[in-house]
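J.: Here it is, the structure in full.
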Amino acid sequence: MVGTDLFEEDLNDDASSTCSFDYPAEVYLSLAEFVGISAGMMMIDKIGRISIMIWTSTVSVVFIALIAAYHSESTLSFTFIFISRSLACIYSGLVWVMTPEMYPTRMRVSSHSFFYIVSRY
């Protein structure tokens, strides 16, 4: 089992449904976040922020396409998910690093305030 089955239908009883999780797979896939964040911290200044963001997002999309094309309950599918999740953690962390560096403080504060007000209505 690669992912999580939230509800499984019991064929013997129509009214019951059970909740089951594949905990070992979830724990191993959560380790992908640790691997991704650690790798991102080591590469951020050596390779460059923009090139890492382009590379990780592109390769992550390729692995997501491979997951969709070859989805099965195998080690290969698990590996694709692990790599894609690691790369997504690198990318999402870099967004928060790059945004403050790209815009001056006055523009960030003004846009943050504007969108906070817009989100209230």
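Values in this text are rule-based calculations from the coordinates and carry no lab data. This one's a predicted model, so the numbers in the text were calculated from it and none came from an experiment. FYI the Cβ positions are ideal-geometry reconstructions off the backbone, even for glycines, and counts take in every protein chain you see.
J.: Magnitude of the Cβ-charge dipole of region 8-119, K/R +1 and D/E -1, about the Cα centre, nearest 20 debye? If you can, show how the numbers build up before the last one.
T.: Values: 5 positive and 11 negative charges, 247 e Å.
Rounded to the nearest 20 debye, it is 1180 debye.
J.: Let me ask something additional. Could you please report the charge total around Trp96, scoring K, R as +1 and D, E as -1 over all other residues with beta-carbon less than 15 angstrom from its beta-carbon?
T.: Details: positive: Arg49, Arg108; negative: Glu33, Glu101.
Combined, the nearby Lys, Arg, Asp and Glu give 0.
J.: In addition: For Asp22, enumerate residues with amide H under 5 Å from its amide H, sequence gap 5+ or separate chain, H modeled in the peptide plane.
T.: Here the answer is Asp5, since their amide H atoms fall under 5 Å of that of Asp22.
J.: If you project the alpha carbons of region 8-119 onto the principal axes, what extent comes out on each, in Å, largest first?
T.: Principal axes ranked by extent give 63, 38, 24 Å for the Cα atoms.
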